[in-house]
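Student: This structure is in structure tokens; I'll ask about it shortly.
The values are calculated or read from the model by the stated rules, or taken from the named source; none is laboratory data. These numbers come from a predicted model, not from an experiment. Every residue, glycine among them, receives a Cβ derived from its backbone with ideal geometry; neighbour counts consider all protein chains shown.
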Amino acid sequence: MALYDVVIIGAGPAGMTAAIYAARANMSVLLLEKLAPGGQIINTHEIQNYTGVGTINGAELAYKMFEHTQELQVAFDYGTVKDIKEEGNIKIITCEEEEKIFEAKTVILATGTIPRRLGVENEDRFAGENISWCAICDGAYYRDKDVVVIGGGNSAVEEAIYLASLANSVKVVTLFDLTADPVSCDELRALPNVTIYEFYNIEGFTGVEKLQGVRIKSTQTQEEVELTCDGVFEYIGLKPSTEAFAALGILDEQGYIKVNSRMETSVAGIYGAGDVVTKELRQVVTACSDGAVAAQVASKYIKTI
């Protein structure tokens with residue numbers, strides 16, 4: 001069994017940047033991912049604030065990042081990590097698939113986040129059919145149809161703008177007001193086929209064999225409304241993908257990985273990076289920064305052991 005200097009779990013912007021910096025530091029690297037490389041950005045129609053790039057499709061940026069790792073001959077494998085244990089200075093990483101096991105001197109956890117769900121009536125019934133968490137993946141299906149977007153943050157607003165270019169109508173429902181950046185909010189409000197319902201709670205979804213609508217209730221007037229639609233896109237926040245790391249004792253109350261400014265966890269040789277760590281701002285550029293720091297600190301740690 002090969003012993004790597006570093007195994008990086010998660011091939012989003014943080015993980016791929018960590019792989020690039022680790023490879024350039026002459027470390028032996030394994031980049032491990034359970035899905036396609038790219039993380040959340042592959043589901044983003046447009047990224048407009050990644051320095052020096054301008055406007056770019058998220059999947060395209062992810063491909064460029066992965067290409068960069070392969071130019072440096074970073075080893076890549078698919079696997080869903082279920083456990084990490086220590087044997088002295090060595091970390092043993094066990095995956096669900098065919099009991100894959102990897103050994104490493106250091107580990108960088110960059111597993112990112114997954115979309116939260118509302119937990120309301122009929123959500124599970126229509127999830128993956130008429131309820132989606134990815135406008136890029138499923139938006140074309142709703143060309144000239146009516147859709148509802150749930151959420152008021154950057155992801156919700158940006159994807160609502162994209163859906164408005166395809167759908168007949170887009171209704172945006174948010175529990176508060178729009179909290180995305182002002183430029184995007186202004187762009188969304190100016191679209192003629194968009195209606196915004198602020199300060200409404202989602203009560204449930206209606207329909208028997210297929211989705212028919214969304215029941216919403218005003219938090220100010222208690223008015224209840226049913227919005228008829230063909231599809232729903234939920235953007236109500238994210239939760240960290242850290243279940244496999246709970247036994248390490250490195251998570252906070254919300255399940256995020258606790259790190260210091262050097263991306264170090266409380267376990268020597270284990271680092272966090274990207275959206276999965278405790279931080280103020282979760283963006284592509286900050287994820288890349290985390291990955292670079294984690295790789296450099298891991299490189300220095302290896303020299304001490």
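Per-residue answers, yes or no, for (1) out of contact with any Lys or Arg (no Cβ under 9 Å at 6 or more places or on another chain); (2) without any contact (Cβ under 8 Å) to a residue 24 or more places away in the chain; (3) within 21 Å of ILE302 (Cβ to Cβ):
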site: ASP5; (1), (2), (3): no, no, yes
site: ILE8; (1), (2), (3): yes, no, yes
site: ALA14; (1), (2), (3): yes, no, yes
site: ASN26; (1), (2), (3): yes, yes, yes
site: GLU33; (1), (2), (3): yes, no, no
site: GLY39; (1), (2), (3): yes, no, no
site: GLN48; (1), (2), (3): yes, yes, no
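Student: Here are ILE114, ILE47, ILE101: which of them is touching a helix residue (DSSP H, G or I) at 6+ places or on another chain (Cβ under 6 Å) and either at pLDDT below 95 or exposed (fewer than 14 other Cβ atoms within 10 Å of the Cβ) (or both)?
Tutor: After ruling out the rest, the residue left standing is ILE47.
Student: In segment 110-158, how many residues are in a strand (DSSP E or B) and of a type in the set (Asp, Glu)?
Tutor: First pass over segment 110-158, keeping only residues in a strand (DSSP E or B): 113-115, 121, 127, 131-132, 146-150.
Cutting the leftovers down to of a type in the set (Asp, Glu) gives us 121, 146.
Result for segment 110-158: 2.
Student: Got a sec? Which of ALA298, ALA244, ALA287 is within 21 Å of the chain's Cα centre (by Cα), buried (at least 20 other Cβ atoms within 10 Å of the Cβ) and on the phi < 0 side of the Ramachandran plot?
Tutor: The conditions single out ALA287.
Student: A follow-up question, please. Only residues in segment 277-302 that are part of a loop (DSSP other than H, G, I, E, B) count as the first member; pair them with residues that are surrounded by 18 or more Cβ atoms within 10 Å (Cβ to Cβ), Cβ under 6 angstrom, at least 6 apart or cross-chain, and list the lot.
Tutor: That search, which allows pairs on different chains as well, returns THR278/TYR256; ARG282/ASP275.
Student: Looking at ASN260 and the list (1) over 29 Å from ASP144 (Cα atoms); (2) polar (S, T, N, Q); (3) part of a strand (DSSP E or B), which single condition is not satisfied?
Tutor: (3)
Student: Look through segment 218-238, keep the residues that are of a type in the set (D, E, K, R) and in a loop (DSSP other than H, G, I, E, B), and return whichever of them is farthest from the chain's Cα centre (by Cα).
Tutor: GLU223
Student: I've got another one for you. Tell me which of these VAL277 doesn't satisfy, since it passes every other one: (1) touching a helix residue (DSSP H, G or I) at 6+ places or on another chain (Cβ under 8 Å); (2) of a type outside the set (Ser, Thr, Tyr); (3) at pLDDT below 95.
Tutor: Going through (1) touching a helix residue (DSSP H, G or I) at 6+ places or on another chain (Cβ under 8 Å); (2) of a type outside the set (Ser, Thr, Tyr); (3) at pLDDT below 95 one by one, VAL277 breaks only (3).
Student: Among the residues of segment 251-278, write down those that are buried (at least 24 other Cβ atoms within 10 Å of the Cβ) and charged (D, E, K, R).
Tutor: Residue satisfying the conditions is ASP275 alone.
Student: Shifting gears a bit: Determine if segment 16-35 includes at least one residue that is modelled with pLDDT under 95 and assigned by TED's automatic domain parsing to the domain that holds ALA294.
Tutor: First, the residues of segment 16-35 that are modelled with pLDDT under 95: 34-35.
With the extra rule that they be assigned by TED's automatic domain parsing to the domain that holds ALA294, the set shrinks to 34-35.
Scanning segment 16-35, I find at least one residue that is modelled with pLDDT under 95 and assigned by TED's automatic domain parsing to the domain that holds ALA294, so the answer is yes.
Student: Does THR286 count as over 28 Å from TYR63 (Cβ atoms) and modelled with pLDDT of 95 or more?
Tutor: Judged against the criteria, THR286 is not a match.
Student: Looking only at segment 216-228, decide whether some residue is in contact with a Cys (Cβ under 9 Å, 6 or more places away or on another chain) and touching a residue at least 60 places away in the same chain (Cβ under 8 Å).
Tutor: To start, the set of residues in segment 216-228 that are in contact with a Cys (Cβ under 9 Å, 6 or more places away or on another chain) comprises none.
No, segment 216-228 has no match at all.
Student: Moving to a separate point now. I'm trying to understand the selection: among the residues of segment 208-221, which are surrounded by 15 or more Cβ atoms within 10 Å (Cβ to Cβ), out of contact with any Leu (no Cβ under 7 Å at 6 or more places or on another chain) and within 14 Å of ALA127 (Cα to Cα)?
Tutor: LEU211, GLN212
Student: Same structure again: Among the residues of segment 49-66, which ones are of a type in the set (A, V, I, L, M) and either under 16 Å from GLY39 (Cα atoms) or assigned to a helix (DSSP H, G or I) (or both)?
Tutor: Listed by number, the residues that qualify are ILE56, ALA59, LEU61, ALA62, MET65.
Student: Hey, another quick one. So which residues in segment 171-205 are assigned to a strand (DSSP E or B) and basic (Lys, Arg)? Give the derivation first.
Tutor: Within segment 171-205, the subset assigned to a strand (DSSP E or B) is 171-174, 194-198, 200-205.
The one that is assigned to a strand (DSSP E or B) and basic (Lys, Arg): LYS171.
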